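Working notes for the structure below.
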Amino acid sequence: MFKWKPIEPLKYGWLEIVLDKEPIDYLKKIIKNKKQKSNHTLAGNITQSNFITDENNWFMNNVVNPCIDHYIKEFGEHFYHKYLMHNCAMELNKFWVNFQQKYEFNPLHNHSGVFSFVVWIDIPTNWVKEHNLSFSKDANRAVASDFCFVYTDILGKLRNYWYKLNQSQNGTMLFFPAELQHQVYPFYTSNKNRVSVSGNISLNPLKVVPNNVQKR
């Protein structure tokens, strides 16, 4: 009597990756050689952020490029192709480390480019203790120390996806579309820095790759 046809609109997500020892050791090494402060280019209300250098494109080649390939596999090439211009290659054009201190935060923001990522290097807090603080424990949404993605659903409603952070997430990487809004709430129970590394991946219009080569 009826012919049913469910319609699922285009939708994107993000990748959650647990990095092994080699890339984490590499990031810790280049953090020690951090460059000039990057605060003036970032949204974070953070005392210290610094540019870092991907030596010989090691992180791009060994971590980011596989993430790009896997993202396209999981979420479809339609996301990727809407950014293509004359087969431009992908590059890691901005790379930095954040040293977030107690009470500091990153307001709701997005990034430039096609893809972005964050890697937690050293989380000095536990969300259970943070959420049990006197000003949080009775709230209907305790958020102290959390990382949050914010997006709209098909009905136009704002949705949140929360990462409640503790030490077990050291070495975790989130890889996501650069336009995806996100924020980082302040923490209160540690005097140590929360160390994280982030980067933006953009198209390089000066570097063209053949049609039969994966666009990077």
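The values are calculated or read from the model by the stated rules, or taken from the named source; none is laboratory data. Just so it is clear, the model here is predicted, and its values are computed rather than measured. Heads up, the Cβs are rebuilt from the backbone with ideal geometry, glycines too, and the neighbour counts pull from every protein chain shown.
Return the residues of segment 1-58 that are over 27 Å from Thr152 (Cα atoms) and of a type in the set (Asp, Glu); say none if nothing qualifies.
Hits for segment 1-58 are Asp20, Glu22, Asp25, Asp54, Glu55.
If you check Ser112 against the conditions, is it within 24 Å of Leu180 (Cα to Cα), exposed (fewer than 15 other Cβ atoms within 10 Å of the Cβ), in contact with a Lys or Arg (Cβ under 9 Å, 6 or more places away or on another chain) and hydroxyl-bearing (Ser, Thr, Tyr)?
The answer is yes for Ser112.
Residue pairs, Cβ under 7 Å, 6 or more apart or interchain, first in segment 58-81 and touching a residue at least 24 places away in the same chain (Cβ under 8 Å), second in a helix (DSSP H, G or I) and hydrophobic (A, V, I, L, M, F, W, C). List them.
That search, which allows pairs on different chains as well, returns Tyr80/Ile72.
So, in segment 3-34, of the ones that are modelled with pLDDT under 90 and surrounded by 11 or more Cβ atoms within 10 Å (Cβ to Cβ), which residue ends up nearest to Ser112 (Cα to Cα)?
This residue is Tyr12.
Which of the numbered conditions does Val143 fail, given that it passes all the others? Conditions: (1) in contact (Cβ under 8 Å) with a residue 40 or more places away in the chain; (2) not in a loop (DSSP other than H, G, I, E, B).
Condition not satisfied by Val143: (2).
Just to be sure before I move on: is Lys37 exposed (fewer than 12 other Cβ atoms within 10 Å of the Cβ) and over 23 Å from Tyr151 (Cα atoms) in the structure I sent? Before you say what the answer is, go through the steps one by one.
Working: exposed (fewer than 12 other Cβ atoms within 10 Å of the Cβ): no; over 23 Å from Tyr151 (Cα atoms): yes.
Taking the combined requirement at face value, the residue does not satisfy it.
Phe149 passes all but one of (1) in a strand (DSSP E or B); (2) modelled with pLDDT under 95; which number fails?
(2)
The rows are residues; the columns are (1) over 15 Å from the mean Cα position of the chain (by Cα); (2) surrounded by fewer than 20 Cβ atoms within 10 Å (Cβ to Cβ); (3) outside any loop (DSSP other than H, G, I, E, B).
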residue: Leu155; (1), (2), (3): yes, yes, no
residue: Glu179; (1), (2), (3): no, yes, no
residue: His182; (1), (2), (3): no, no, yes
residue: Thr189; (1), (2), (3): yes, yes, no
residue: Val197; (1), (2), (3): no, no, yes
